[in-house]
Amino acid sequence: MPSISRRGFLGGTAAATLSTFALSSAVFAKESDIKWDETYNVVVIGAGGAGLAAAVTAKEAGAKKVVVIEKMAFPGGNTIRAGGGINAAIKADYEKAGITDSPELHAKQTLAAGDGRGDPKLVNQLTAKAPESVQWLKDHGVKFQDNIYQIYGGLYKRARNPIGPRGGAYIKALVENCKKLDIPIMLNTQVLEVVREKQLSGKVLGVKVKQKDGKVLYIRATNAVVAAGGGFAASDRLSALHDPRMEKLGTTNHPGATGDLLIDLIDIGADTRGLDYIQCIPGNVKGETHAPNLFTHVDRFIFVNLDGKRFINEDARRDVLRDAMLDQPEAIAWTIVDADGFEEQKNSKGPENEAARKAGTLYIGDSIEDLAKKTNIPVEELKKSFEQYNTAVDTKKDPMGRAPTVLVNKLAKAPFYAGRVTMQRHHTMGGVVINEKAQVIDRHGNVIPGLYAAGEVTGGIHGTNRVGGNAMADIFTYGRIAGENAAKNPI
Ligand SMILES: Cc1cc2nc3c(=O)[nH]c(=O)nc-3n(C[C@H](O)[C@H](O)[C@H](O)COP(=O)(O)OP(=O)(O)OC[C@H]3O[C@@H](n4cnc5c(N)ncnc54)[C@H](O)[C@@H]3O)c2cc1C
């Protein structure tokens, strides 16, 4: 077998850099060389939202045998951790909210928020099909709250939350569907390699996996493999490759979000897009656990820095908010809501905030003065910030530049709640390149036969900056597309 330096044939700079992590194990499989231990029509890698949606759709589209392979001890990935806010321009919902919207406006805003780096074809399909994805979730047992809201970094009132345990509500419903449809989920089983006829050519044949007890299996996919392994924001090393600031930050992600599947895909020739773009959101300050989440509903909260001063319009893009907070003293800010704001976020953030209260990271003040005393924020500055914001709500003009649509609720009703946060790595916008059928594209622009991908492992949708609430729309839309096409893929 020939020995090839992978670095030599990697295309883009990002791919070349990432590939240096994966030079050790070369696989040059031939179908005849491998003794397959198990055979399925469709093999899905990753039991997060994208993978489970793909598996259920593949089975419903006629694939007889479908399996989901998951390296962690339980399904869910980052999806189970998510707040669950999902964007979709659904007529009944935006008319009820008294606003105008459309999939076209959603696409336009998504492309603009990613500085035009998203692929317009993928983005247009995403926003056109996002309403169907919400309906598909309802048809598969997910119940939603009636109201829509502007989620943090969402830039428009377009998100809705499931009823129940946030992102867990999606996972619970989809796992139940897998059970009903007889789709096994192999837990504690890590995909080590995606096996292709030749390393950089031919169709994808299946996967090599390692189970918890160290047993290695080869699993054949007669139709296709769907790669849905999520992002890499839990990897300090991969995250810091292009943005050194990232190394010092913590992460909101589950421990399995390490990007190993992304590297496996690069190893068999997959092209990548946008690996430099790493999104952050507020989370724990170093040394603390259980930061409260008071920032989900943009029309309800303000940021102030340790000096008590507002420093940014809170409805800005997530990358703008990240950079603004990292520029503040100690890179720390306070998030503040009043009693009504706290109440409104209860459905999605109730358990998180209760945990914060118990951990002593949720500060509660009966008045602005009391809050200042408990948080050690200079009282006069804090009062000025409240006054500045409340006046902006009255006049619909905010010196910090917040839009009138999110200048609707004053911080008026005591008690006031505050939580100290810094930025944490949250989402990786980059990943493998796919086309509109969710087929993975190689570094020469060709389809890799028998390989589909969906969710955070893909790149080229969110551009430089993902809009809040668009990941859920993405994973369920492209998960469904990948599953349907994988089921129909010629053998
Ligand atoms: C705290 C938090 C809150 C969020 N809130 C929101 C929100 O409200 N709205 C929104 O739109 N987005 C939100 N996001 C982003 C969103 O949750 C993710 O982008 C999305 O869930 C990714 O889904 P996925 O299916 O692609 O990956 P995941 O859900 O992460 O699933 C990938 C799965 O693949 C498994 N895996 C990886 N590699 C392998 C391998 N080699 N072998 C086997 N298995 C493997 C992983 O263990 C994981 O279970 C949030 C993210 C976090 C962390």
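The values are calculated or read from the model by the stated rules, or taken from the named source; none is laboratory data. As the structure is a prediction and not an experimental result, all values here were calculated from the model. Virtual Cβ from ideal backbone geometry, glycine too; neighbours counted across all protein chains shown.
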inquiry  = Regarding region 213-221, can at least one residue be identified that is buried (at least 24 other Cβ atoms within 10 Å of the Cβ) and farther than 23 Å from Gly469 by Cβ?
reply    = yes
request  = Scan region 65-80 and give yes if some residue there is modelled with pLDDT under 95, more than 10 Å from the ligand (Cβ to nearest atom) and either among the hydrophobic types (A, V, I, L, M, F, W, C) or within 27 Å of Asp146 (Cα to Cα) (or both), otherwise no.
outcome  = no
task = Test Thr289 against the stated conditions and say whether it is at pLDDT below 95, crowded, with 23+ Cβ neighbours inside 10 Å and among the polar types (S, T, N, Q).
result = no
request  = Sort through Val408, Val433 and tell me the only one that's under 30 Å from Leu371 (Cα atoms), more than 14 Å from the ligand (Cβ to nearest atom) and of a type in the set (A, V, I, L, M).
outcome  = Val408
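Right, Phe295: surrounded by 23 or more Cβ atoms within 10 Å (Cβ to Cβ), within 13 Å of the ligand (Cβ to nearest atom) and outside the structural domain of Ile86 (by TED's automatic domain parsing) or not?
yes
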query = Taking the condition under 30 Å from Leu155 (Cβ atoms) and surrounded by fewer than 21 Cβ atoms within 10 Å (Cβ to Cβ), does Lys65 pass?
reply = no
ask   = Quick check: anything in region 448-468 over 17 Å from the mean Cα position of the chain (by Cα), away from the ligand (no atom under 13 Å from the Cβ), surrounded by fewer than 23 Cβ atoms within 10 Å (Cβ to Cβ) and outside any helix (DSSP H, G or I)?
value = yes
remark   = Scanning region 28-57 for residues that are out of contact with any strand residue (DSSP E or B) (no Cβ under 7 Å at 6 or more places or on another chain) and of a type in the set (Ser, Thr, Tyr), the one modelled with the lowest pLDDT turns out to be Ser32
remark   = Over region 243-258, the set of residues within 27 Å of Phe74 (Cα to Cα) and either near the ligand (Cβ under 8 Å from one of its atoms) or not in a loop (DSSP other than H, G, I, E, B) (or both) is Thr251, Thr252, Asn253, His254, Gly256, Ala257, Thr258
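Can you confirm whether region 367-385 contains a residue that is within 30 Å of the chain's Cα centre (by Cα) and either basic (Lys, Arg) or under 16 Å from His290 (Cα atoms) (or both)? So that I can check it myself, show each step before the final result.
Filtering region 367-385 for residues within 30 Å of the chain's Cα centre (by Cα) gives none.
There is no residue in region 367-385 that is within 30 Å of the chain's Cα centre (by Cα) and either basic (Lys, Arg) or under 16 Å from His290 (Cα atoms) (or both).
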query = So how many residues does region 107-164 have that are β-branched (Val, Ile, Thr), under 16 Å from Ala82 (Cα atoms) and assigned to a loop (DSSP other than H, G, I, E, B)?
reply = 2
message = Just to be sure before I move on: is Ala92 in a helix (DSSP H, G or I) and in contact with a Phe, Trp or Tyr (Cβ under 6 Å, 6 or more places away or on another chain) in the structure I sent?
response = no
key: Single residue of region 422-440 satisfying the filter (assigned to a loop (DSSP other than H, G, I, E, B) and within 17 Å of the chain's Cα centre (by Cα)) that is nearest to Tyr478 (Cα to Cα)   = Val433
request  = Tell me, yes or no, whether region 308-330 has at least one residue that is in contact with a Pro (Cβ under 6 Å, 6 or more places away or on another chain), at pLDDT 95 or above and buried (at least 20 other Cβ atoms within 10 Å of the Cβ).
outcome  = yes
message = Quick check on my filter: what residues within region 210-242 are within 21 Å of Thr79 (Cβ to Cβ) and touching a Phe, Trp or Tyr at 6+ places or on another chain (Cβ under 8 Å)?
response = Val225, Val226, Ala227, Leu238, Ser239
inquiry  = Can you tell me which residue is surrounded by the fewest Cβ atoms within 10 Å (Cβ to Cβ) among those in region 35-62 that are part of a loop (DSSP other than H, G, I, E, B) and away from the ligand (no atom under 11 Å from the Cβ)?
reply    = Lys35
Subset of region 74-109 (residues that are closer than 18 Å to Pro351 by Cβ and aliphatic (A, V, I, L, M)) = Ile80, Ala82
query = Counting just the residues of region 172-203 that are over 19 Å from Val226 (Cβ atoms), not aliphatic (A, V, I, L, M) and not in a helix (DSSP H, G or I), which one comes out nearest to the ligand (Cβ to nearest atom)?
reply = Asn188
